Amino acid sequence: MCLWFPSIPPDPAGNFVGSGSLLADDRAAVAWRAPAVPELTSRVVGGHAARATPNKAGPMSKPPYAFSGRRIPTTRYPCDRREQSGPVWLVHLSPGTSAAPLETPPSMLRRLALVLTLCAACGAAHAQGRDGSAKPGPAAAFSQILGRPTQTSISLSLLSETAVEAFVEYRAAAGSSSAKTPTQRLAPGVPAEFELKDLKPDSAYVYRVRTRRTGEPEFTPGEESPFRTARRPGATFTFALQGDSHPERPGRMFDPDLYTRTMRNAAEQPPDFYILMGDDFSIERLISRGTLSQATVNTVYAYQRGFLGLIGRSSPLFLVNGNHEQAAKYLLDGTPNNAAVYAGRARTAFYPLPAPDTFYSGNSEPVEHIGLLRDYYAWTWGDALFVVIDPYWHSDVAVDNEAGARGPDRGPGGEVVRPGDNAGAPRGRARRNAEPEAPEAGRGAGRGTRDLWQITLGDRQYQWLRATLLESKAPFKFVFSHHVLGTGRGGIEQATRYEWGGKDRRGVDRFAEMRPTWEQPIHHLMRDAGVTIFFQGHDHLYARQELDGVIYQSVPNPADPTFTAFNREAYRSGEILPNSGHLRVTVSPGQAKVEYILSFRPADENANRKNGAVAHTYTAGPRRPSSPAGGSERPR
């Protein structure tokens with residue numbers, strides 16, 4: 001949060017002292033709690049020292065504060081980016097020590113106390129949005145998220161804003177006898193998992209949660225919700241997926257009402273499961289503000305449940321790791337107190353993700369201070385194999401943007417960095433001393449030189465991927481990753497490069513040199529293994545392309561109120577459409593049908609904009625595995 005002073009003059013030394021209106025800052029450093037006021041100290045803002053100190057910690061109704069600092073030499077300031085007509089004075093607040101009191105007019109004190117109290121209510125929203133505009137989702141008070149479905153079990157994660165006792169009743173949809181889980185006590189804001197076991201394969205079930213608050217004599221039943229166990233081969237089923245939701249970008253890529261509309265559209269006919277393609281849990285503003293902690297990261301992951309609970313209560317969720325999550329190897333430093341550990345813990349605590357067992361395969365290597373990452377995994381459902389892969393936990397360098405580091409100036413579809421956003425922030429460990437990187441289509445220049453051969457799935461994940469794809473007999477094979485290579489823009493435009501296609505930016509095949517233990521590049525593996533569709537997010541648009549029989553499908557954003565096809569210029573071919581909505585995929589024995597379902601708020605609709613309309617559809621048949629076609633292949 002910050003204070004701005006539109007008319008207070010400085011002293012001869014250029015300093016100022018005074019009070020002013022308090023506004024929400026998208027780099028807020030304090031979550032205020034009544035009645036105590038935290039002690040405050042200095043912080044560097046825009047290259048100038050700024051300080052705010054109260055005379056004592058005490059009730060908000062009596063807070064004579066002394067605010068001091070220096071003028072920010074601009075009329076466009078980072079509180080809420082509104083233009084101001086006159087000098088702007090800015091003070092950042094952060095935990096620290098107290099100082100001497102300052103006499104302040106009572107009217108200003110009352111106004112300041114009121115705004116501080118109001119800011120306390122929107123503190124949680126600041127973690128994802130800016131200026132308190134990211135209002136909570138409809139399921140925020142009590143969210144239910146299903147996950148890890150198998151033939152005979154499923155997990156249910158509950159999160160409550162208040163302390164309750166809870167248990168789960170469940171039964172076959174066509175049956176009358178029910179089972180129930182043991183009762184657990186839910187602490188406010190702490191997720192708890194319940195295992196629903198002894199289920200029958202390929203069967204429909206319903207469940208409901210019963211809760212009881214402290215002092216209540218009876219448990220109150222919730223609404224019934226459906227779910228299914230794993231399908232048998234030959235069964236027709238649907239799954240659905242969304243691209244990057246980016247709640248930290250309200251107004252230009254995220255609107256909570258539009259997101260709610262997408263969730264309700266997807267849940268209207270519940271798919272067997274729902275897949276998120278990444279960039280749903282950005283913690284980068286926490287890093288740049290200096291407010292990073294396990295508690296603040298947990299807030300980011302909890303915020304999404306207010307929306308995802310609308311679909312996740314009946315369709316299990318699967319998460320794909322994105323670049324803005326900063327759940328990444330390059331940030332690990334051997335301690336439990338860093339961004340990667342916080343993100344890794346929150347991800348597996350708030351969402352019941354798969355670990356290797358008799359139904360799922362995947363990453364079985366634990367990471368210190370986190371445990372199993374649950375970042376890459378595979379399962380078979382009906383006639384389809386589903387494979388999720390991840391380069392971010394397996395590259396020693398920052399795959400895309402470095403946490404807290406200033407990136408290139410980009411359009412609104414990329415990582416937009418305003419002046420001063422990352423001043424003084426630590427940089428990552430990416431080496432920029434290898435071959436120059438050609439500017440990617442759709443991205444600004446200025447990334448310097450990067451050795452993109454350093455971006456990798458790693459040997460262990462690659463060999464697992466190869467075995468998983470080649471050993472599967474499923475007629476349909478679907479692969480999911482946040483993006484080709486995890487960085488850049490475009491689909492098949494990137495698929496010939498580095499470990500994905502074997503060639504460097506100049507078109508020289510260096511695969512054997514750079515991946516001496518790998519049999520073939522990733523795209524060639526998908527081609528030869530008969531992959532039907534490769535799904536990716538990251539580019540913030542709908543795009544369907546095809547290369548060597550493999551469909552490359554970019555998944556649209558679910559909540560973009562600008563309805564833009566960001567990064568369209570990176571795609572040189574294919575069917576390209578703007579946001580927003582989700583994809584619905586129906587798999588039957590003979591074909592997979594993909595539908596792009598549009599989302600619009602009531603005010604957005606007109607003769608050409610209908611919520612729930614199908615913007616584009618196509619079908620894909622099973623692909624037979626083939627022999628290597630040569631080039632970048634290793635003799636077997």
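Readers should treat all values here as calculations from the given coordinates under stated rules, not as data from a laboratory. Predicted model, so just to flag it, every value in this text is computed and none were measured. Note that each Cβ is placed from the backbone with ideal geometry, even for glycine, and that neighbours are counted across all protein chains shown.
Figures for the structure shown
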read-out: Antiparallel DSSP beta bridges within region 201-305, as percent of all bridges there, nearest 5; value: 60 percent
read-out: Mean projected area in nm² (Cα convex hull; one quarter of hull surface) for region 468-582; value: 7.7 nm²
read-out: Check: region 547-626 dipole with +1 on Lys, Arg Cβ and -1 on Asp, Glu Cβ, in debye; value: 220 debye
read-out: FRET efficiency, GLU365 to ALA174 (Cβ-Cβ, R0 45 Å, nearest 0.05); value: 0.60
read-out: Label point 7 Å beyond Cα of SER153 along Cβ direction - residues of region 336-357 with amide nitrogen under 19 Å; value: 348-357
read-out: Theoretical gain in end-to-end length, THR335 to ASP459 [0.36 nm per residue, Cα-Cα removed]; value: 42.1 nm
read-out: Sequence-distant lysines (8 or more away, or on other chains) whose Cα lies within less than 30 Å of LYS180; value: LYS197, LYS200
read-out: Protection-proxy order for peptides 177-190, 477-490, 324-337, each taking the mean of Cβ atoms within 10 Å per residue, highest first; value: 477-490, 324-337, 177-190
read-out: Cα-only Debye scattering, region 218-285: base-10 log of I(q)/I(0) at q = 0.24, 0.26 Å⁻¹; value: -1.10, -1.19
read-out: Kirkwood-based shape ratio for region 536-578, expressed as Rg/Rh from alpha carbons; value: 0.98
read-out: Overall dimensions of region 306-351 as given by Cα atoms, namely Rg and Dmax in Å; value: 12.9, 39
read-out: Cα extents of region 528-599 along the three principal axes, largest first (Å); value: 37, 25, 16
read-out: Cβ-Cβ FRET estimate between GLU471 and GLU193, R0 fixed at 30 Å, reported to 0.05; value: 0.45
read-out: Rough spin-label spacing in nm, given labels placed 7 Å along Cα→Cβ, for VAL508 and GLU605; value: 5.8 nm
read-out: Segments 612-621, 536-545 sorted - mean Cβ within 10 Å per residue, highest first; value: 536-545, 612-621
read-out: Cβ-defined net charge surrounding LEU292, 10 Å radius [Lys, Arg +1; Asp, Glu -1]; value: +1
read-out: Per-residue ³J(HN,Hα) for region 544-549, Karplus 6.51 cos²θ - 1.76 cosθ + 1.60, θ = phi - 60°, Hz, x for Gly and Pro; value: 10, 9, 9, 9, 6, x
read-out: Point-charge dipole on Cβ atoms (K/R +1, D/E -1) for region 467-523, about Cα centre, debye to 20; value: 180 debye
read-out: Sequence ranges 259-269, 363-373, 222-232, ranked by mean other-Cβ count within 10 angstrom, highest first; value: 259-269, 222-232, 363-373
read-out: Estimated dipole of region 178-249 in Debye, rounded to 20 [Cβ of Lys and Arg +1, of Asp and Glu -1, Cα centre]; value: 200 debye
